[in-house]
Amino acid sequence: MYVAVDDTDSVSGNCTTFLATEIISEFRDELDLIGYPRLVRLNPATPWKTRGNGSLVMRFGKGIGKKVCIGNVDDRDIFCFERMGTFEPDENTVISRIVPLIEKNSEPDANPGLVVSRKRPSQSMYWRGVRTILDKKAAEDEIERIGAFKYEIGNGRGIIGAACGMAWRPRDSTLELLTYRPTGRWGTERIFEPLSIRDMDTALPSTFNSWEERTQKVTMIPSTPCPIMYGLRGDSLRDLIKGKDIIRTEPIGRWMIFLTNQGTDDHIMNNPKQLIPNQSYYVEGRVVAGEHVTGGHVFTEITTKYGSITVGAYEPSKEFRYLFDNLSEGDTIGVMGELREEPRTLNAEKVKVIDVADAYEKISNPVCPGCGRTMESVGRDKGYRCRRCHTSSPEPRLLRSVRWVREGWYEPPAAARRHLSKPLKRMGLEQPVDFVNRRI
Ligand code: ATP
């Protein structure tokens with residue numbers, strides 16, 4: 001029996017992953033959890049998302065095969081099983097016990113959706129959910145087609161995310177260990193030892209997005225009033241458990257490991273026929289011009305097979321913007337990012353510098369080959385002439401500039417990355433150059 005929930009939180013509080021831990025602990029004495037609980041991120045450009053557009057999916061039944069400890073709630077370990085046996089729990093019992101939990105753990109302005117099903121929606125639902133904007137009807141039709149049950153509160157838009165999350169068959173996946181604060185501490189300042197996070201990051205290279213070495217900053221602890229203490233992301237279950245023992249924080253109320261599509265680039269479309277706003281793409285082009293605007297954003301014009309595109313690197317992406325400062329006309333780059341509707345910019349979340357063009361700077365007017373004197377300019381873009389010998393030259397004396405950019409992939413600091421963006425670390429790559437602010 002698959003269970004999926006979405007849209008229970010709002011900016012003012014709650015957290016759908018916490019609700020998932022409540023659902024899991026509700027059934028732990030009667031039903032087994034099959035596979036990891038799943039945190040499935042959907043299209044990050046969805047205009048009505050609260051924060052990270054995450055949907056939560058669990059499968060319950062009678063487990064067989066390997067049994068693994070993946071969490072602890074109320075001082076009791078939580079296990080999941082490798083495979084599902086033949087027993088399927090009763091749908092109505094499952095639903096009647098989950099609905100009160102949703103009601104208790106939802107914000108009044110959220111639009112929760114619950115989907116309970118024996119069958120999973122078609123895989124294409126996931127790809128549409130992670131890459132495009134769907135209307136509720138699309139989710140309703142699929143729910144009906146597979147004979148699933150749905151429960152809605154408010155406008156019930158949560159069923160879109162629930163159906164799309166349930167449809168995920170991982171092509172690539174990562175894990176996240178989420179720790180939660182005891183209820184009495186929610187909304188208060190979080191207490192932790194930053195250097196223990198640096199130690200963990202150094203000791204466990206299979207983890208990612210926890211610590212920013214260049215700025216010595218912790219990036220795994222939210223600043224919102226949600227119940228989460230921290231989220232430790234990585235590729236190895238064993239390392240996440242080790243990491244939890246290295247990181248020192250105030251006492252944790254519960255923890256749980258989720259299988260996720262975070263860090264997979266699943267939201268990126270390569271080679272689309274056309275570019276539609278509110279979707280994310282990889283697009284290659286040649287740099288035409290760059291411009292800084294107030295507020296620290298950088299806009300760079302590139303020519304592509306889709307025409308001219310403005311690439312935006314916004315202030316929160318910090319040092320990543322300095323890559324754009326260092327690009328020159330004629331450079332070829334590939335940009336991954338979301339195409340915004342208004343202003344229509346491709347918001348860079350990762351860049352591949354494909355070719356660095358030669359760039360020149362003028363050092364002086366040209367020298368006359370006849371008399372050795374410096375020529376004079378005839379006028380703007382009209383070249384140069386020697387008054388005495390009447391020789392001419394179209395170009396000044398040029399010196400090849402030093403280009404600081406090197407070919408390779410560049411990404412924003414960990415704190416500014418999208419949940420779905422695959423970190424260079426996971427691609428087995430390192431950024432070739434770290435840029436610093438050279439602006440005056
Ligand atoms: P958090 O990350 O804090 O859990 P959130 O960012 O997931 O919150 P939600 O409150 O869940 O935000 O709101 C996202 C809403 O968008 C849900 O109602 C979900 O069903 C819907 N949604 C998700 N993906 C799509 C999509 N591709 N097209 C249309 N609606 C979507």
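The values are calculated or read from the model by the stated rules, or taken from the named source; none is laboratory data. Small disclaimer: the values here were computed from a predicted structure and weren't measured. Here the Cβ positions follow ideal geometry from the backbone for every residue, glycine too, while neighbour counts run over all protein chains shown. Remember, those area values only see protein heavy atoms, side chains included, never the ligands or the DNA or RNA. Shrake-Rupley method; radii C 1.70, N 1.55, O 1.52, S 1.80 Å.
Some values worked out for this structure:
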read-out	value
Relative contact order (percent, whole number), region 33-160, Cα cutoff 8 Å, 6+ residue spacing	23 percent
Surface per residue (accessible, 1.4 Å probe) for the chain, Å²	47 Å²
Length gained when the stretch R97-E144 is fully extended (0.36 nm per residue, less Cα-Cα span)	14.7 nm
Sites matching trypsin sites (Lys or Arg not before Pro) across region 255-364 that sit in DSSP coil, with at most 15 neighbouring C-beta atoms within 10 Å	K273, K305, R340, R344
Long-range tail of P(r) for region 303-383 (Cα pairs > 21 Å, %)	49 percent
Relative intensity, log₁₀ I(q)/I(0), of region 2-166 from a Debye sum that treats every alpha carbon as a point, q = 0.19 Å⁻¹	-1.23
Selected from I268, L134, T179, residue furthest toward positive end of dipole (the chain; charges at beta carbon)	I268
Reachable lysines from K382, criterion Cα separation under 29 angstrom, eight or more residues apart if same chain	K362
Distance cut-off 21 Å, percentage of C-alpha pairs in region 130-237 lying past it	57 percent
Area of E152 that stays accessible when all protein chains are in place (1.4 Å probe, Å², to 10)	60 Å²
Relative contact order computed over region 360-400 (Cα-Cα under 8 Å; 6+ residues apart), in percent	46 percent
Approximate shape of region 174-260 as ellipsoid semi-axes (Cα gyration tensor, √5λ), whole Å, largest first	19, 15, 11
Portion, in percent, of the accessible area of the chain that falls on carbon or sulfur, probe 1.4 Å	48 percent
In degrees, nearest ten, helix 91-104 long axis to first principal axis of the chain (Cα)	60 degrees
Spacing of the two label points (7 Å from each Cα toward its C-beta) at E376 and K273, in nm	6.2 nm
Heavy atoms of C226 accessible to a 1.4 Å probe, total area in Å² rounded to 10	10 Å²
Gain on full stretching of the segment that runs from E430 to F87 - 0.36 nm per residue minus C-alpha separation	118.7 nm
Difference of contour (0.36 nm per residue) and Cα-Cα distance, R169 to W48	41.1 nm
For the chain, size of Cβ-based charge dipole, Lys and Arg +1, Asp and Glu -1, in debye	1400 debye
Candidates per GluC sites (Glu not before Pro) in region 1-106, loop by DSSP, up to 16 other Cβ within 10 Å	E30
Sequence-distant lysines (8 or more away, or on other chains) whose Cα lies within less than 24 Å of K352	K273, K305, K318, K422, K425
Two-site FRET efficiency, S393 against R438, from Cβ-Cβ distance with R₀ of 25 Å, rounded to 0.05	0.20
Accessible area, probe 1.4 Å, largest first, for residues W409, W404, W168, W186	W404, W186, W409, W168
Cα-based equivalent ellipsoid, the chain: semi-axes from gyration tensor eigenvalues, Å	52, 24, 17
Inter-site label distance for E315 and E361 at 7 Å from Cα along Cβ, in nm	2.9 nm
